[in-house]
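Take a look at the structure set out below.
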Amino acid sequence: MNPLPAQTLSTSAELAHALADAELSPAALRALLKRLAQKLREDFSAGAATDTPVVHLLHARTEFIDRLLLRAWSTLMPTDAEPAGLIAVGGYGRGELHPGSDIDLLILLDRAPSESVRSGIEHFIQLMWDTGLAVAHSVRTVAECAHEAAQDVTIMTSLMEARLLAGPPRLLDALRDATGPQTLWPLREFFKAKYDEQIRRHHKYHDTAYNLEPNIKDGPGGLRDIQTIAWITLRHFGAADLHDLVAHGFLTESEYSLLNEGREFLWRIRFALHLLTGRCEDRLLFDHQRTLAEQFGYRADEHRLAVEQFMKRYYRTVMELGRLNEMLLQHFQESILYAGHNEEAIPLNKRFQIRNDVIEAAHPDVFKRYPFALLEIFLLLAQHPHLKGVHAATIRLIRDHRYLIDAAFRADLRCRMLFMELLRQPHGIMHELRRMHRYGVLGAYLPAFGEVEGQMQHDLFHVYTVDEHTLFLLRNLRRFALPEFAREFPLCSEIFQRLPKPEILYLAGLFHDIAKGRGGDHSALGAEEALAFCLHHGMSAYDARVVAWLVKHHLILSSTAQREDINDPEVITRFASVVRDGAHLDYLYLLTVADIRATNPTLWNSWKGALLGELYRAAAGALRRGLENPLDQAERIRATQAEARDLLRAHAVDEGAVADFWRDLGDDYFLRHEADEIAWHTEAVVRAGVTDAPLLLIRHSDQRGTELFLYTRDQDRLFALTTATLDQMALTIVDARIITAQNGYTLDTYRVLEESGAPVTQPQRMQEIVRALAHTLAQGEIAPVSRRTRSQLKHFNVPTRITYTDDARNRRTVLEVISADRPGLLSSIAKALVECNVRLQNAKIATLGARAEDIFYITNRDNQPLSNDQQAHLQTTILRYIDLHK
């Protein structure tokens, strides 16, 4: 029989009839599966418009696969041999087959198979593979299943969902007897194993559901969390339906509805992902988010993209599922682990008590009678760090009484005092703010914070939602306060110890991004919110203004450090005049470090740390000196040279040779390098003597990352040659300083990082870099950059923008290029500078996700700022080179 032609089927029954009549050959079965996929796609699209539950499609695919397997099994297995059972396990056993899901099968035997049974199994599995089905199978006896399940709770879990497809029911009954809780994995052990398994799984995703590209199956709040509850329910109550938890008092009907709606939404996303990719794909990648947002009917509005609206619903869904998961696990913990250990309640006050080391409400109407207790419970948890959590019934009471957190609640003096008192606790602040967030209390008490819950920014720079980023920032601030983390950021820990009021810092962190998504300047809008909140909560006018100032200026330290020449005393003086005093600077520095580290796990590196520290120390020195008495350039040069001479004397470097070398260097060199850098350069040049060969040095500094120094005769294409080589070696240039000496030599210093953001520390890698650059300089040819652009970058359209600023005091032009990040971008700009006869003094390179923001301090050939015509010519040339290498 020829394979059936692919066509759209009007009913599932028609497809079932086609299967019954089809030839049992790979080609015929593949054609049927193709028709099934088309039918599922059409039904899914139709269901999206009518909100038809996707579970029907999961069951429909499961039913068809059941029929196909049974048809093949009954045909290929011998009828006169010992019986074998064909059993669906895992997700297939549950009847939850998505388009790309594996088909998990257990072939169950009484004993080792005979030759005829073995042959039948091999032909059956081979046919399934040839057909294109993703079959994962095992062939085991009941005893072997029990042995494997005893070793691995994952196998045990899969067997719990076993569903008999073919064969004698007694085999499945024997399997259940051999693996039941009375034989293997008693209830307490099973619960602990699944609970620990979830914790480990969450750790893989940084314990947050709010990642930029979340895993909808395994991530926190995802489908696996729901399945974990289902598995424990099945083991504990023998119930396969989560609705049975309502009868057992673990869920209310409304909570079950939320759980079911959340699962249905995640199922719909997973089904769509599998259809879109044609495979089992559970990661909600950038490649797919925009497509799914459009498919699910989201449309852009004035403030938010369609994809941001779609992802906000996703994040809020998994947030709610995470809350239910926590409450249910607490229920199970109390029911399973504490069964028979019902200790006497220890009163904390008339509203709360402790039982089995968890806090619980003293009576069911505690929140109705004392609404302020909705905040008090978190303060009590912080004050009693030995407590392990909140009783499940009390979690439900909190959820059910969140409606009480209204304007009158926020105006209640007791509530305001409780919130502020929590921020002043020596321990537990972050644990309880996170718990408040999980229980929905933080967003209710701070409605502006509630608005940004689940709000993403669709770029590669901000990898968390606004609320999750804020909580990570607060966690980072708290780590500065704790002695056990002092080694992570010694300067931050030292500064934190002298803060007069840490709660000022916490509130600034809480409000710094609270106005995102509204349009306008989120820093200014957030400052207004912060000021009103602080005054309302009894802070002095001075402290409230400090919080508001920090929110308004929370980006100034990082933008100054990364976008301006902080070796220029004028820049330091201008920044210090905004900061005004040492206390503001201390708060701002800690807030900035915590903010950057909370934005993206890969964003922080040793270079950023060195840059921010350098600006902090320079500004602190300017403030101590007094803004009315700024450090002039000559004074700074003298101090730097004196320090460098001391270092060179310690290394026995000839002072006359040092003087000769320095005589050819201009003031810029001494202004833009630290004393230890100058000593490093000088010693190497003096010891090398006069040579035409380029002098190349590389070292790693704990303070400044990896530094590459090049001393050679000046040539037009030197910057282009160097940047192309470093780019080709997958290095990121974060800073470049180009100094041309009076003797015709150039002193070029580059600070580089690996593509991952890590410094270069291995000697072998350092020598590889030096050799590659030496080879390029000897050849004099710019090799094309062959590294591929990251696939994620193609989803972001960053138009190239070029702007100029006149730096009259330093007689130079500041060029800023904003463009889509890609390999070879810096080299392209370097080629344009060469073609236009432009000299480069300094470069500050920043990559913000998909966006490159590079700043160049340049002059023309006569060491003067660029004229308007020269600027226009350079802009045209840069655009040409960038377009050429897209």
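Residue by residue through segment 687-712, note down the ones that are open to solvent by 40 Å² or more (accessible area, probe 1.4 Å), among the aliphatic types (A, V, I, L, M) and within 22 Å of ARG649 (Cβ to Cβ). Across segment 687-712, the qualifying residue is only ALA688. When ASP748, ASP735 are checked against the criterion of being under 28 Å from the mean Cα position of the chain (by Cα), surrounded by fewer than 23 Cβ atoms within 10 Å (Cβ to Cβ), part of a strand (DSSP E or B) and not β-branched (Val, Ile, Thr), a single residue qualifies: ASP735.
For segment 306-322, the criterion of being more than 30 Å from ALA247 (Cβ to Cβ) and in contact with a His (Cβ under 6 Å, 6 or more places away or on another chain) is met by at least one residue.
A quick yes/no check of all residues on (1) part of a loop (DSSP other than H, G, I, E, B); (2) within 30 Å of ARG851 (Cα to Cα); (3) open to solvent by 20 Å² or more (accessible area, probe 1.4 Å); (4) in contact (Cβ under 8 Å) with a residue 24 or more places away in the chain:
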site: LEU375; (1), (2), (3), (4): no, no, no, yes
site: LEU379; (1), (2), (3), (4): no, no, no, yes
site: ARG410; (1), (2), (3), (4): no, no, yes, yes
site: LEU422; (1), (2), (3), (4): no, no, no, yes
site: GLN425; (1), (2), (3), (4): yes, no, yes, yes
site: GLU432; (1), (2), (3), (4): no, no, no, yes
site: HIS437; (1), (2), (3), (4): no, no, no, yes
site: PHE449; (1), (2), (3), (4): no, yes, no, yes
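Contact map, segment 621-649: residues that are under 14 Å from THR682 (Cβ atoms) paired with residues that are open to solvent by 80 Å² or more (accessible area, probe 1.4 Å) and part of a helix (DSSP H, G or I), Cβ distance under 9 Å, separation 6+ or inter-chain. Pairs shown: ARG645/GLU655; LEU648/GLU655; ARG649/GLU655.
Close Cβ contacts (under 6 Å, 6 or more residues apart or on different chains) running from residues in segment 666-682 that are in contact (Cβ under 8 Å) with a residue 60 or more places away in the chain and of a type in the set (A, V, I, L, M, F, W, C) to residues that are open to solvent by 10 Å² or more (accessible area, probe 1.4 Å) and outside any helix (DSSP H, G or I) comprise LEU671/ASN567.
For segment 289-307, taking the residues that are over 22 Å from GLY520 (Cβ atoms) and open to solvent by less than 20 Å² (accessible area, probe 1.4 Å), the one that is nearest to the chain's Cα centre (by Cα) is identified as GLN289. Within the option set LEU86, LEU76, LEU105, being touching a residue at least 24 places away in the same chain (Cβ under 8 Å) and out of contact with any Phe, Trp or Tyr (no Cβ under 6 Å at 6 or more places or on another chain) holds for one residue only, LEU105. In segment 647-664 there is at least one residue matching the filter, namely being modelled with pLDDT of 90 or more, surrounded by 12 or more Cβ atoms within 10 Å (Cβ to Cβ) and in contact with a strand residue (DSSP E or B) (Cβ under 8 Å, 6 or more places away or on another chain).
When you check ALA6 against the structure, is it modelled with pLDDT under 95 and part of a helix (DSSP H, G or I), yes or no?
Details: modelled with pLDDT under 95: yes; part of a helix (DSSP H, G or I): no.
The answer is no for ALA6.
Somewhere in segment 383-393, is a residue open to solvent by 30 Å² or more (accessible area, probe 1.4 Å), more than 21 Å from ASP357 (Cβ to Cβ) and either modelled with pLDDT under 95 or in a loop (DSSP other than H, G, I, E, B) (or both)? Within segment 383-393, none of the residues are open to solvent by 30 Å² or more (accessible area, probe 1.4 Å), more than 21 Å from ASP357 (Cβ to Cβ) and either modelled with pLDDT under 95 or in a loop (DSSP other than H, G, I, E, B) (or both).
Select the helices (runs of 4 or more DSSP H) contained entirely in segment 115-216, then report the ones holding at least 3 residues which are in contact (Cβ under 8 Å) with a residue 24 or more places away in the chain, open to solvent by less than 40 Å² (accessible area, probe 1.4 Å) and of a type in the set (A, V, I, L, M). Outline the logic, then answer.
Values: elements: 115-131, 142-151, 153-160, 169-179, 187-203.
Fully inside segment 115-216 and qualifying: 115-131, 142-151, 153-160, 169-179.
If we scan segment 84-96, do we find a residue that is of a type in the set (Lys, Arg), surrounded by fewer than 22 Cβ atoms within 10 Å (Cβ to Cβ) and assigned to a strand (DSSP E or B)? Spell out the reasoning first.
Applying the first criterion (of a type in the set (Lys, Arg)) to segment 84-96 yields 94.
Retained after the next criterion (residues that are surrounded by fewer than 22 Cβ atoms within 10 Å (Cβ to Cβ)): 94.
From the residues that got through so far, the ones that are assigned to a strand (DSSP E or B) too are none.
No, because not a single residue in segment 84-96 is of a type in the set (Lys, Arg), surrounded by fewer than 22 Cβ atoms within 10 Å (Cβ to Cβ) and assigned to a strand (DSSP E or B).
Taking ARG369 as the residue in question, decide whether it is basic (Lys, Arg) and open to solvent by less than 30 Å² (accessible area, probe 1.4 Å).
Numbers: basic (Lys, Arg): yes; open to solvent by less than 30 Å² (accessible area, probe 1.4 Å): no.
The answer is no for ARG369.
One residue stands out in segment 314-366 among those that are charged (D, E, K, R) and open to solvent by 40 Å² or more (accessible area, probe 1.4 Å): the one that is farthest from HIS248 (Cα to Cα), namely LYS350.
With respect to the conditions (1) over 21 Å from GLY780 (Cβ atoms); (2) touching a Pro at 6+ places or on another chain (Cβ under 9 Å), VAL685 falls short on a single one, namely (2). In summary, PHE265 fulfils each of the numbered conditions (1) within 29 Å of the chain's Cα centre (by Cα); (2) farther than 15 Å from MET319 by Cα; (3) touching a residue at least 12 places away in the same chain (Cβ under 8 Å) with the single exception of condition (2). With respect to the conditions (1) over 37 Å from the mean Cα position of the chain (by Cα); (2) under 19 Å from GLY454 (Cβ atoms), ARG316 falls short on a single one, namely (1). Take the residues in segment 224-251 that are within 22 Å of ILE395 (Cα to Cα) and outside any helix (DSSP H, G or I); name whichever of them is most open to solvent (accessible area, probe 1.4 Å). Here the residue is HIS248.
Among the residues making up segment 21-40, those that are open to solvent by 70 Å² or more (accessible area, probe 1.4 Å) and either in contact (Cβ under 8 Å) with a residue 24 or more places away in the chain or under 14 Å from THR131 (Cα atoms) (or both) are ARG30, LYS34, GLN38.
Taking segment 665-674 as the range and being farther than 19 Å from THR706 by Cβ and surrounded by 16 or more Cβ atoms within 10 Å (Cβ to Cβ) as the test, the residues that pass are LEU665, ASP668, TYR669, PHE670, LEU671.
For segment 806-813, does any single residue satisfy the condition of being among the hydrophobic types (A, V, I, L, M, F, W, C), within 23 Å of PRO865 (Cα to Cα) and open to solvent by less than 40 Å² (accessible area, probe 1.4 Å)?
Keep residues of segment 806-813 that are among the hydrophobic types (A, V, I, L, M, F, W, C), which gives 808.
Then drop every residue that is not within 23 Å of PRO865 (Cα to Cα), which leaves 808.
Imposing the further condition that a residue be open to solvent by less than 40 Å² (accessible area, probe 1.4 Å) reduces the set to none.
Checked segment 806-813: no residue is among the hydrophobic types (A, V, I, L, M, F, W, C), within 23 Å of PRO865 (Cα to Cα) and open to solvent by less than 40 Å² (accessible area, probe 1.4 Å).
Of (1) over 27 Å from the mean Cα position of the chain (by Cα); (2) at pLDDT below 85; (3) of a type in the set (D, E, K, R), ASP821 satisfies all except one. Which? All conditions are met except number (1).
Within segment 741-756, being more than 20 Å from SER827 (Cβ to Cβ) and at pLDDT below 85 holds for one residue alone: SER756.
For segment 280-290, the criterion of a residue being in a helix (DSSP H, G or I) and touching a His at 6+ places or on another chain (Cβ under 6 Å) is satisfied by at least one position. If we scan segment 258-273, do we find a residue that is among the β-branched types (Val, Ile, Thr) and modelled with pLDDT under 95? Within segment 258-273, none of the residues are among the β-branched types (Val, Ile, Thr) and modelled with pLDDT under 95.
The values are calculated or read from the model by the stated rules, or taken from the named source; none is laboratory data. Remember, it's a predicted structure, so these values are computed and weren't measured experimentally. With ideal geometry, Cβ positions are generated from the backbone for all residues, glycine too; neighbour counts draw on all protein chains shown. These area figures cover heavy atoms from the full protein model, side chains too; ligands, DNA and RNA do not enter into them. Shrake-Rupley method; radii C 1.70, N 1.55, O 1.52, S 1.80 Å.
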